[in-house]
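All remarks here apply to the structure that follows.
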Amino acid sequence: MRVLNEMGLQQYRTFLEEVCEEGGEAPSHLLHDDGFSRSYSRYINLDEEAVFETKQELGRYLSERLEEAGVPRHEASKDRALWASVTLLYFDQFCPLTPEGTRSVPQERQDPNERYPKFIPRIVERGGELSLRGRRHYALGPYLIYEYNKDTHHKADVLLSGSLNAWGNDVEQTAGRIEVISNKNLIEVIRMLYWNEDGLIPGYGNSDRAGSIHRLLADLRNQMKLTQDWYSMTPQDIYDSLPSEYDEWKS
Amino acid sequence: MTTRTFNYTGRIHIKQECIDASLTGRSSGAPCLEVNFDWTPVPSILDLPGDSMVYVDASHGMSFMRFYHGTLDNPETLTEPRLTDLDSWTSASFVVRIVDGSGQLLAKSRGHTVNRANPDTSERRVLIIEDFRDLGERPWQLEVREEMPVPRLVFNEKWWDAAMEEGRPLSTDSLAMAMVMPNVLEGMLKWLLLENEWDAYQLSDDPTWKGAWIRFARGLFPEQVAPPAHEESGDYQNILEVLDWIGLAVSHFCEINGITSSLVAGQGGR
């Protein structure tokens, strides 16, 4: 695999800013040009033709390929060029053309540091060290959620359902909280509440609705962690301890 | 104004005096988070059920690891509590929790942070981190690649260990660092500006360590002199001007830090 260098990242940003919304073709040539990219320090075998139906498929694929290449999570999760290059490699899946031939390009207009964090991870500084904000990134987010749950039977299938560019409140709420994505029991509870044989139950992500996933992961979790330790409780114990506003989701 | 805090949860606060924590590790790679407990400063902890479980939850950024330290009655000393899954191998935040069998939180500490001995404090932007491994007879080397989160100053493991045993860790040994750091600065600037031929003006705005090194170097000049800029062609007009600027930056660094004076004084003390 080849990854963008600083010049390549700048060119990618220019593409996102200037011609992407008009339906411009992704500048994948940057990944083959020594002026804009270089070989990654280890051999990561990503198939350019791979197609991912869901974010879980993408998360699994990246997790397996990186593990195969000997790239540990703590190293991969800090590499901005790597993740920007993954979105460029599969750009049409992350940012597909509309029937009108245009593209919808999500952006953070108010962010002076990174206007396109879905494509180029935003760098943040924590405790004097630089890291990446995965919650907003189309590839790093699914990779991290999958990595933390790959040994479970569900493999975060609920959170990582849907296409690569479907990025709902649930993913934002989950991927941005390490106390959520690293808690396999809580992820299982999410599955028990909001998932049935037809998939996700409509309305689960409505933050105004009682018992929504937003309420569960933000308000209720913050309150419950004062007196309970969800890491050491079974999914069923957590489920049974939820207040009455979750009753309608249990039925 | 005095602020009072009310605890309505019944949860016991684990005081800092109960916790003795450090990041240790004699070879490169993930350090171990060694934590020892002494509950006597908070006697109420000793009244908790003996089968209550003690956990240390370590985290850094978007990474997390939980370590089980046994129960209050039967504490377990972990043989290798390595922070393999943490994003950082130089610092970690952790919380201690005591939990009963039903998941009720009985006691909890505040968040604490431990750092591996290195010259960068958490208040400063990290320009380089230290590491150590077997380098044969080579005393140290600079490791820098574009994809690295932060460049590494790798010391020879034998030197590192010997210094530790003498009680004079290399990271705090001003004589050792005085010998090494001017070359590290020169090597970094040459790597950025000459080997990679990046434009210093563009790099100055870079939020990563690359930009931080350029800003650091500019700050060494009394007038914040910028390095020569690229021409429109994307090349330097004169490489010698860049070399001169790098040389001056290193001289200013040595001047500001009194490098030779430190070496002379250190020599006299040994």
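Please treat every number below as a calculation from the coordinates, not as lab data. Just so we're clear, the structure is a prediction, and the values are computed from it rather than from any experiment. Every residue, glycine among them, receives a Cβ derived from its backbone with ideal geometry; neighbour counts consider all protein chains shown.
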Worksheet entry | Peptide-level mean, for A:227-235, of C-beta atoms on other protein chains within 10 Å | 6
Worksheet entry | Efficiency of FRET from Cβ geometry, residue B:255 and residue A:105, R₀ 41 Å, rounded to 0.05 | 0.25
Discussion item. Please compute the contact order of chain B in relative form: average sequence separation of alpha-carbon pairs under 8 Å and at least six residues apart, divided by the residue count, as a percent.
Written reply: 12 percent
Practice prompt. Could you calculate the contour length gain from residue B:215 to residue B:195, that is, 0.36 nm times the residue separation minus the distance between their Cα atoms, to one decimal place in nm?
Written response: 5.4 nm
Practice prompt. Return the FRET efficiency for the residue pair residue A:237, residue A:97: r is the Cβ-Cβ distance, R0 is 56 Å, and the value is rounded to the nearest 0.05.
Written response: 0.75
Discussion item. Over region B:140-257, what is the relative contact order in percent, taking alpha-carbon pairs closer than 8 angstrom and at least six residues apart?
Written reply: 20 percent
Response to the item:
Computed over region B:12-115, the relative contact order (Cα-Cα under 8 Å, seq sep at least six) in percent reads 30 percent
Fill in: Peptide B:55-62, shielding by other chains (average Cβ, 10 Å cutoff)
6
Discussion item. For a protection proxy built on the mean count of beta-carbon atoms within 10 angstrom, sort A:148-161, A:207-220, A:236-249 highest first, please.
Written reply: A:148-161, A:207-220, A:236-249
Practice prompt. Restrict the search to region B:135-216; then list the GluC sites (Glu not before Pro) that DSSP places in a loop and that have at most 12 other Cβ atoms within 10 Å of their Cβ.
Written response: B:137, B:166
Item to complete: Partner chain Cβ atoms within 10 Å, averaged over the residues of A:147-155 - can you pull that number for me?
Response: 1
Worksheet, complete the sentence: For B:36-43, B:246-253, A:9-16, ranked highest to lowest by mean beta-carbon neighbours within 10 Å, the order is A:9-16, B:246-253, B:36-43
Worksheet item: Tell me, in nm to one decimal, what length is gained between residue B:241 and residue B:66 on full extension, where the rule is 0.36 nm per residue of separation less the Cα-Cα distance?
Response: 57.7 nm
Discussion item. What FRET efficiency comes out for residue B:166 versus residue A:64 if R0 is 60 angstrom and r is the Cβ-Cβ distance? Round to the nearest 0.05.
Written reply: 0.85
Item to complete: May I ask for the distance between the Cα centers of region A:133-178 and region B:209-249, given as a whole number of Å?
Response: 42 Å
Worksheet entry | GNM top mover of A:70, A:176, A:162 - chain A, alpha-carbon springs below 10 Å | A:70
Response to the item:
From the cross-link list A:150/A:184; A:155/A:184; A:78/A:118; A:155/B:108, the entries with a Cα-Cα span beyond 21 Å are A:155/B:108
Practice prompt. State the extension gain, in nm to one decimal, for the chain segment bounded by residue B:133 and residue B:104, taking 0.36 nm per residue of separation less the distance between their alpha-carbons.
Written response: 6.0 nm
